[in-house]
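Right, one structure below, let's go through it.
The values are calculated or read from the model by the stated rules, or taken from the named source; none is laboratory data. Not measured: the values here are computed from a predicted model. For neighbour counting, all protein chains shown are included, and Cβ atoms are generated from backbone atoms with ideal geometry for every residue, glycine included.
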């Protein structure tokens with residue numbers, strides 16, 4: 001009678017912790033910037049139009065850094081890029097509060113965004129490697145740490161500013177915490193090196209489908225963030241002062257779903273997660289659009305959060321295991337395309353709402369989510 005070989009998970013426990021710390025640090029650092037935006041706007045004397053251009057610098061930095069990080073991670077391993085991105089975010093954060101001119105703020109945001117993009121791709125490559133080594137689902141838990149870091153960063157920065165600390169001092173504290181988390185992660189990161197793939201490999205086949213899936217999921221998340229409150233107001237389900245409750249419930253549900261996601265994926269499998277998550281997200285959006293009472297409408301936001309919670313982690317897990325492309329390049333493709341969904345999503349929804357109506361735009365998003373149950377079989381076989 002043969003015995004099953006159980007992977008030595010104790011050997012990768014330090015790397016697992018380092019991955020969690022990297023995700024936590026990334027979510028924490030990027031969310032520290034949000035409460036600083038009004039102060040930065042006043043410091044550089046920017047109006048809304050100029051601020052929008054400056055904020056675009058962050059996205060441009062990320063999008064440029066992501067594919068480069070994928071190439072380097074595939075060649076050299078994820079560890080050096082995680083360190084570059086994580087420490088880069090921590091060191092750049094105070095300069096966002098120090099910038100006194102639009103040019104300096106735009107340049108700093110570009111560097112901050114490049115560091116974020118670098119960390120985002122590299123830590124997902126590292127997460128896929130740890131998950132593959134341990135032979136069990138871990139990606140949802142890793143992504144949950146990013147969300148938890150986001151809550152912690154925005155909350156702590158808001159509290160520090162509310163207590164009367166200057167933006168610079170608050171940013172320095174946020175920087176110190178970010179750097180501390182990265183310092184704890186650094187000696188525990190895997191030092192494995194990849195091969196030498198062709199740097200000009202473009203997404204194809206399964207990887208291209210995974211990139212589209214990520215873009216759709218991120219598009220829905222971005223729409224809930226930027227337009228969810230307006231949807232509640234337009235449907236006369238709440239007043240402006242409490243319209244943010246929808247996104248808050250969505251966020252809490254997503255964190256809860258990701259914290260339990262690894263357990264769920266291990267027991268149900270990735271296919272049912274893609275099918276069920278897509279259908280649940282569609283149902284949640286339908287509830288948000290059709291419910292006749294505020295309580296049921298808000299319950300729709302919870303359903304969307306629970307449904308979408310583990311879609312992106314599963315997509316990243318599959319991207320890290322596929323053999324069509326090196327894992328680093330595949331994850332960079334998925335991350336870059338998904339981030340493009342975050343950047344372009346609000347504008348696309350706004351354009352569609354202008355041409356039709358905001359509820360109609362959300363119905364289109366619900367239909368787009370059908371790609372998950374429709375392609376789940378292809379993704380699993382790929």
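For this structure, a couple of remarks:
- Residue count for the range 12-54 under the criterion of being touching a residue at least 24 places away in the same chain (Cβ under 8 Å) and either under 30 Å from residue 137 (Cα atoms) or within 17 Å of the chain's Cα centre (by Cα) (or both): the result is 22.
- Unique residue being buried (at least 24 other Cβ atoms within 10 Å of the Cβ), in contact (Cβ under 8 Å) with a residue 40 or more places away in the chain and over 18 Å from the mean Cα position of the chain (by Cα) when the list is 93, 138: 93
- Helices (runs of 4 or more DSSP H) fully within the range 300-382 that include at least 2 residues being more than 17 Å from the chain's Cα centre (by Cα) and either in the same structural domain as residue 233 (by TED's automatic domain parsing) or buried (at least 20 other Cβ atoms within 10 Å of the Cβ) (or both): 327-355, 358-368, 371-381.
- Within the set 29, 13, 18, the sole residue that is under 30 Å from residue 262 (Cα atoms), out of contact with any helix residue (DSSP H, G or I) (no Cβ under 6 Å at 6 or more places or on another chain) and modelled with pLDDT of 85 or more turns out to be 13.
- Residues of the range 236-250 satisfying the condition of being touching a helix residue (DSSP H, G or I) at 6+ places or on another chain (Cβ under 7 Å) and surrounded by fewer than 21 Cβ atoms within 10 Å (Cβ to Cβ): 238, 240, 243, 244, 245, 247, 249
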